[in-house]
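S.K.: Handing you this structure, nothing more for now.
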Amino acid sequence: MPQFLFGTPFIAAPMAGGTSTTKLVHAVHEAGGLGFLAAGYKSPGSMAAEISAARALGIRFGMNVFVPDPDALSPGPKERAQLEAYRAELEPEAARYGVTLPPLRLDDDDAWQEKIDILVTDPVEVVSFAFGLPGREVVGSLQKAGTLVVTSVTSVQEALAAAEEGPDALVVQHASAGAHSAAFLDGIPDTSPASTTADLVARVRAAVGLPLIAAGAIMDGNALRGVLAAGAAAAQVGTALLRTDESGARQSHKDALGNPEFTETAMTQAFTGRPARSLVNEFVQDHQDAPKGYPAIHHLTAPVRAAASAAGDPHRLNLWAGTGWKHARTGSARDVVREFLNGL
């Protein structure tokens, strides 16, 4: 196999909320890829325990961390009123399952500093960031500890801003990718959006000199080869692994990906207050005007999503999925990764 970034062209995307398990990362490693764990929504102690568990397996892995948004931690009166109005809008959803919506929580930075401190003092091979720029100091501290640092971007403008901090590589995420968008620059219109992941990679490749990891609708070996030809050093794959045996995704989520009842995906803020691509279900349709407000809205909808999962109701779950979801297959993640790498 040719030499690729991190020794492989296949990177398993970090999927927060329990989907990216050590079992999944282990399977990806055994098949020749590099898996990522996700620190998002976990306590620092849980993140550290997961790192220890992965090390005990003797596998290579990376860790992804969410960058907190200072504006979301201190919303103005208008934004707070919008969040309260959305909470009222969600009351019938809660009543459907007999659960109680929590009060607004506006102080959750996902234990940012504690997680960074752990990763600096007990470094892992790779740390990637999503939802913003970690800052030069954080990037430098991790690199000094021996960690490769990767920042996620969704446009040329974001890539240029991220490159200023000196990361080792960039994840270039196209809008076709499932789950949360990594976008962090607001108010900069893209007058000519990239039509494909390969197109976006080529544009970023022309603007920055860093190694690039392509993400978005990469569902098979042909798509992998396409982004490599466009200038990517590797591909980050998520949706293609969601239905595998080792994935920790809810069974209702896995089943929905194979259910012909669901016919399209859309970007929605309804579940978390941050744009994310999901299968279009009743919740997405009913709350198309959900306000921005991550992670406050994530906390508001959590009881509804948990109850829906327990009831086997896919219409009130966040069914994250990229535009190529119909090609996601069941079985072992080892087989999925090997098929991607076949012929490379």
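S.K.: Looking at the structure I just gave you, is T100 touching a residue at least 12 places away in the same chain (Cβ under 8 Å), crowded, with 20+ Cβ neighbours inside 10 Å and hydroxyl-bearing (S, T, Y)?
M.R.: When the stated conditions are applied, T100 does not pass them.
S.K.: Could I ask something else about it? With E246, E282 as the choices, which residue is under 24 Å from V171 (Cα atoms) and among the acidic types (D, E)? Walk me through how you get there before you give the answer.
M.R.: Values: E282 fails: under 24 Å from V171 (Cα atoms).
Just one listed residue meets the conditions, E246.
S.K.: Only one residue in A230, A202, A198 is without any contact (Cβ under 8 Å) to a residue 40 or more places away in the chain, out of contact with any strand residue (DSSP E or B) (no Cβ under 9 Å at 6 or more places or on another chain) and of a type outside the set (F, W, Y), so which one is that?
M.R.: The match here is A202.
S.K.: While we're looking at this one, here's another question. Take the residues of region 137-152 that are among the aliphatic types (A, V, I, L, M) and more than 20 Å from F184 (Cβ to Cβ): which is surrounded by the fewest Cβ atoms within 10 Å (Cβ to Cβ)?
M.R.: Narrowing region 137-152 to residues among the aliphatic types (A, V, I, L, M): 138-139, 142, 145, 148-150.
Imposing the further condition that a residue be more than 20 Å from F184 (Cβ to Cβ) reduces the set to 145, 148.
Details: A145: 14, L148: 19.
That would be A145.
S.K.: Hey, does region 4-17 have a residue that's in a helix (DSSP H, G or I), buried (at least 17 other Cβ atoms within 10 Å of the Cβ) and either of a type in the set (S, T, N, Q) or in contact (Cβ under 8 Å) with a residue 24 or more places away in the chain (or both)?
M.R.: yes
S.K.: In addition: Quick one: in region 45-75, which of the residues that are of a type outside the set (K, R) and part of a loop (DSSP other than H, G, I, E, B) is modelled with the lowest pLDDT?
M.R.: In this case the residue turns out to be S74.
S.K.: Within region 235-266, which residues are in a strand (DSSP E or B) and touching a residue at least 24 places away in the same chain (Cβ under 8 Å)? Walk me through how you get there before you give the answer.
M.R.: Looking only at region 235-266, we keep the residues that are in a strand (DSSP E or B), and these are 235-237, 265-266.
Those that are in a strand (DSSP E or B) and touching a residue at least 24 places away in the same chain (Cβ under 8 Å): A235, Q236, V237, T265.
S.K.: Which residue out of L37, L24 is touching a residue at least 60 places away in the same chain (Cβ under 8 Å), within 17 Å of the chain's Cα centre (by Cα) and not in a loop (DSSP other than H, G, I, E, B)? Steps first, answer last, please.
M.R.: Working: L37 fails: touching a residue at least 60 places away in the same chain (Cβ under 8 Å).
L24 is the lone residue from the list that is touching a residue at least 60 places away in the same chain (Cβ under 8 Å), within 17 Å of the chain's Cα centre (by Cα) and not in a loop (DSSP other than H, G, I, E, B).
S.K.: Among the hydrophobic types (A, V, I, L, M, F, W, C) and crowded, with 22+ Cβ neighbours inside 10 Å, is that true of A256?
M.R.: Yes, satisfied.
S.K.: Among (1) surrounded by fewer than 20 Cβ atoms within 10 Å (Cβ to Cβ); (2) within 14 Å of the chain's Cα centre (by Cα), where does H174 come up short?
M.R.: So H174 meets the others, but not (1).
S.K.: Determine whether A229 is surrounded by fewer than 18 Cβ atoms within 10 Å (Cβ to Cβ) and more than 23 Å from G18 (Cα to Cα).
M.R.: The answer is yes for A229.
S.K.: Going through D186, D245 one at a time, which residue ends up being of a type in the set (D, E) and more than 23 Å from M63 (Cα to Cα)?
M.R.: The unique qualifying residue is D186.
S.K.: Still on this model: With region 76-121 as the region, which helices (runs of 4 or more DSSP H) entirely inside it contain at least 2 residues that are over 30 Å from G45 (Cα atoms) and in the same structural domain as D313 (by TED's automatic domain parsing)?
M.R.: Output list reads 77-89, 91-97.
S.K.: With respect to H299, is the statement that it is in contact with a Lys or Arg (Cβ under 6 Å, 6 or more places away or on another chain) and within 23 Å of P103 (Cβ to Cβ) true?
M.R.: yes
S.K.: Right, another one. Pull up region 128-167, narrow it to residues that are polar (S, T, N, Q) and in a strand (DSSP E or B), then point me to the one that is farthest from the chain's Cα centre (by Cα).
M.R.: The first filter runs over region 128-167 and keeps only residues polar (S, T, N, Q), leaving 128, 141, 143, 147, 151-152, 154-155, 157.
Now narrow it down to the ones that are in a strand (DSSP E or B): 128, 151-152.
Working: S128: 11, T151: 12, S152: 10 Å.
Checked region 128-167; the qualifying residue farthest from the chain's Cα centre (by Cα) is T151.
S.K.: Of everything in region 73-90, what is among the charged types (D, E, K, R) and in contact (Cβ under 8 Å) with a residue 24 or more places away in the chain? Give them in sequence order.
M.R.: E79, R80, R87, E89, listed by residue number.
Let's see how each residue does on (1) surrounded by fewer than 16 Cβ atoms within 10 Å (Cβ to Cβ); (2) in a loop (DSSP other than H, G, I, E, B); (3) within 21 Å of the chain's Cα centre (by Cα):
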{"position": "F271", "(1), (2), (3)": "no, yes, yes"}
{"position": "R277", "(1), (2), (3)": "no, no, yes"}
{"position": "Y294", "(1), (2), (3)": "no, yes, yes"}
{"position": "A306", "(1), (2), (3)": "yes, no, yes"}
{"position": "N318", "(1), (2), (3)": "no, yes, yes"}
{"position": "V337", "(1), (2), (3)": "no, no, yes"}
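The values are calculated or read from the model by the stated rules, or taken from the named source; none is laboratory data. Since this is a predicted model, take the numbers as computed values, not measurements. For neighbour counting, all protein chains shown are included, and Cβ atoms are generated from backbone atoms with ideal geometry for every residue, glycine included.
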